[in-house]
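This report concerns only the one structure given below.
Since every read-out is calculated from the coordinates, none of them should be taken as a lab result. All figures in this text were calculated on a predicted structure; none of them were measured in a lab. Glycine gets a Cβ as well: all are built from the backbone with ideal geometry, and neighbour counts include every protein chain shown.
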Amino acid sequence: EAGVAQSPRYKIIEKRQSVAFWCNPISGHATLYWYQQILGQGPKLLIQFQNNGVVDDSQLPKDRFSAERLKGVDSTLKIQPAKLEDSAVYLCASSLGLRGGGKNEAFFGQGTRLTVV
Amino acid sequence: AQSVTQLDSQVSVFEEAPVELRCNYSSSVSVYLFWYVQYPNQGLQLLLKYLSGSTLVKGINGFEAEFNKSQTSFHLRKPSVHISDTAEYFCAVSTNAGKSTFGDGTTLTVKP
């Protein structure tokens, strides 16, 4: 079974530039998550999708971050404009779906390491 | 709201020694409990989870964890560690609605 795919693996940009990350979840997984993991901290949820609808985006800085999940499969996360404090690893994860509630484990991609200079 | 506190940011032990990684949580609703491991340059992967039933949960690679409701804890243990267990370990809680909250992680270093 193929895992969660993310690209790119690494990205270096200057502040005020824009950047986009791509995620392809495990086939059949209805729920998709984007997490931000700052060095020395645990993953922090940015946004959660159920199919192509947003379930939770309460911690997404909507003035600069946006995300979409077209057709309930792939997803992109965009930052525009980037700030120095956005330097982090951006993790995408997927799970079977809300039918199991929080019982379902999340499967994580390898992440994208973003450095803003 | 939920919160997770991992009481040790770093733990260092010798190979074949036992180890315990501590996790406390707080929540106003019932939660499910998870431990994930993150090896260098890799994503997180599930070690074990507690959903209900027996409070002692066994996971992969010889790890186990015990759920203690009165102390709101979910400590991870392994009786004998290997060099390959060197990694970052994350405790997480998840609500019935599927919202997960992670702790800040414990770096486990196993020395030869």
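Structure data summary
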item: Verdict on residue B:76 being touching a Pro at 6+ places or on another chain (Cβ under 9 Å) and under 30 Å from residue A:113 (Cα atoms); result: no
item: Pick from segment B:1-19, criterion of a type in the set (S, T, N, Q) and within 13 Å of another protein chain (Cβ to nearest Cβ), ranking: farthest from residue A:94 (Cα to Cα); result: B:10
item: Residues (farther than 21 Å from residue A:83 by Cβ and either part of a strand (DSSP E or B) or charged (D, E, K, R) (or both)) located in segment A:1-21; result: A:1, A:5, A:6, A:7, A:9
item: Given (1) in contact with a helix residue (DSSP H, G or I) (Cβ under 8 Å, 6 or more places away or on another chain); (2) in contact (Cβ under 8 Å) with a residue 40 or more places away in the chain, number of the condition residue A:52 does not satisfy; result: (2)
item: Residues located in segment A:19-45, provided they are away from chain B (no Cβ under 14 Å) and surrounded by fewer than 17 Cβ atoms within 10 Å (Cβ to Cβ); result: A:20, A:22, A:27, A:28
item: Complete set of residues in segment B:88-100 that are in a strand (DSSP E or B) and surrounded by 21 or more Cβ atoms within 10 Å (Cβ to Cβ); result: B:89, B:90, B:91, B:92, B:93, B:94, B:100
item: Hits in segment B:20-64 (condition: surrounded by 19 or more Cβ atoms within 10 Å (Cβ to Cβ) and away from chain A (no Cβ under 14 Å)); result: B:63
item: Count of residues meeting criterion [touching a Gly at 6+ places or on another chain (Cβ under 9 Å) and outside any strand (DSSP E or B)] in segment B:31-50; result: 3
item: Count of segment A:17-35 residues which are over 22 Å from residue B:96 (Cα atoms), touching a strand residue (DSSP E or B) at 6+ places or on another chain (Cβ under 9 Å) and not aliphatic (A, V, I, L, M); result: 6
item: Set B:87, B:17, B:97, B:1: member being of a type in the set (Gly, Ala, Ser) and under 28 Å from residue A:10 (Cβ atoms); result: B:87
